[in-house]
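Asks: What follows is a single structure, and I will ask about it in a moment.
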Amino acid sequence: MSEHAFTRTPTERDLRQDLLLAGVLLVSGIISAGLSTVAGIYGKQQAPMWWALVTVLAVSAPLAVRRRRPAVAAVFIALVMFTSITLHVPEIYVTNVALFIALYTVGAWMNDRRTALLVRVGIIAGMFVWLIIVMYGDAIKEAGKADMAAGLFSPYVAMMMIQLLLNALYFGGAYYFGERSWQAAAQRDALEQRTRELEAEREVTAAQAVALDRVRIARELHDVVAHHVSVMGVQAGAARLVVEQDPAEAGRMLAGVEDASREAIRDFRQLLETLRSPGDDLDDAPSTFELTDIAQLAQASRDAGLPTEYAVIGEPVPVPGTVGVNLYRIAQEALTNARRHAGIGATADVRVRYAPDAVELEVVNTGRAVGVLRPGLGQLGMRERALASGGTIELGPRTQGGFRVRASVPLKTAEEVSR
């Protein structure tokens, strides 16, 4: 998966919700300011009510842009809160809620994570320093009272400890929940990114699978058509030449054409059945061809007019069906090319060698010399079949004329390919 920097951008819906939140807090703050003024939460030192209304507006308005300017909103609300408490403004509840939301927003939405950390740590540290200073001042003022002399567990000290604990929970919660929101959003983004990449990979894989299927189909069609049509063409041409001088020989050749046409129809039917079978891989599809069927290819080549010798060297061992089919097709293509290009008087020699760790097919033909090797679909198909079997292949002209095809497949690799 490719790495990408995660950034969080508010949507139009998010921005509308921010406006709604600011409006709700403004209304709630006005109610809270009125009730706090009536309750006299600061006693004789309490500031006028209109100061509370200004404070409510000052902490509510920045929340309308909290996701667009989280750091600015948080710092501004913190300064307003500090000032309002110092001046004994009769409104503390909505102000506390606003600061909590602002700190949360810095952690959840600010893309510059270093700045987000510094902003939150700065506000929290500033608030705690200010709280300790206030507590120390109050302690000096109340030093002469009896409850201050009660020791470590005096009512005053207990109240101060409660204040510190509540503030720790307050600021710690804002920090924690903001950080968790950012991490959850980053995880969702990474999951969505991975999903997009998997979709793209699946499309590429599907396209590659289609391309591979087309290549396999083209290879099969080429092997079937090139072999059988070549045999039929050669035998039909030879029969035409001898039909008047030797009708019996012409009839034998035409019978060969008939046999070749039946084999072509059989191969086409097998190919079509494979294509119509859902989920089957063309290379792994059942086939009637085996390595021993190469002997029939040699005989068909002799019948078509190309003298062909066939020999098996070594002790035959079972080979996977896919390997047998591929080597059969390689031999078929090599003999087809020999009939088409070797010329008059050419011969062919087919050998299947069984070594302790490999099976080798070699098809050699004599005939006209090959000057420049022009790779065609047949050679490409032979290379693909050898590679699909986990083996290697050598294709090239012989110095004394003719052509050599040698394919070798390691038996261990052949077993792995067939699985």
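The values are calculated or read from the model by the stated rules, or taken from the named source; none is laboratory data. Bear in mind the structure is a predicted one, so any value in this text is a computation, not a measurement. All Cβ positions, glycine included, derive from the backbone under ideal geometry; neighbour counts span all protein chains shown.
Asks: Applying the selection to segment 301-338, what residues are surrounded by fewer than 21 Cβ atoms within 10 Å (Cβ to Cβ) and under 20 Å from Ala255 (Cβ atoms)?
Replies: Hits for segment 301-338 are Arg302, Asp303, Gly305, Pro307.
Asks: Within the group Leu35, Leu20, Leu63, which residue is closer than 24 Å to Ile124 by Cα and assigned by TED's automatic domain parsing to the domain that holds Leu103?
Replies: Testing whether each residue is closer than 24 Å to Ile124 by Cα and assigned by TED's automatic domain parsing to the domain that holds Leu103 leaves just Leu63.
Asks: Looking at Val317, Val350, can you tell me which residue is farther than 24 Å from Gly256 by Cβ and either touching a Phe, Trp or Tyr at 6+ places or on another chain (Cβ under 8 Å) or among the small types (Gly, Ala, Ser) (or both)?
Replies: Unique residue meeting the criteria: Val317.
Asks: Which ones in segment 165-207 are surrounded by 14 or more Cβ atoms within 10 Å (Cβ to Cβ) and not assigned by TED's automatic domain parsing to the domain that holds Ala108?
Replies: The answer is none; no residue qualifies.
Asks: Residue check: is Thr322 out of contact with any strand residue (DSSP E or B) (no Cβ under 8 Å at 6 or more places or on another chain), in a helix (DSSP H, G or I) and free of Cβ contacts under 8 Å to residues at least 40 places away in the same chain?
Replies: For Thr322, the condition - out of contact with any strand residue (DSSP E or B) (no Cβ under 8 Å at 6 or more places or on another chain), in a helix (DSSP H, G or I) and free of Cβ contacts under 8 Å to residues at least 40 places away in the same chain - is not met.
Asks: Next question, about the same structure. Do we have Ser28 as modelled with pLDDT under 90 and surrounded by 11 or more Cβ atoms within 10 Å (Cβ to Cβ) here?
Replies: no
Asks: Also: Can you find, within segment 358-379, the residue that is farthest from Leu411 (Cα to Cα) among those that are touching a helix residue (DSSP H, G or I) at 6+ places or on another chain (Cβ under 8 Å), surrounded by 18 or more Cβ atoms within 10 Å (Cβ to Cβ) and modelled with pLDDT of 80 or more?
Replies: Gly367
Asks: May I ask you to verify whether Arg385 is among the basic types (Lys, Arg), closer than 24 Å to Ser261 by Cα and in contact (Cβ under 8 Å) with a residue 40 or more places away in the chain?
Replies: no
Asks: Could I ask something else about it? Looking at (1) in contact (Cβ under 8 Å) with a residue 60 or more places away in the chain; (2) within 22 Å of Leu387 (Cβ to Cβ), which is the only condition Ala358 fails?
Replies: Every condition holds for Ala358 apart from (1).
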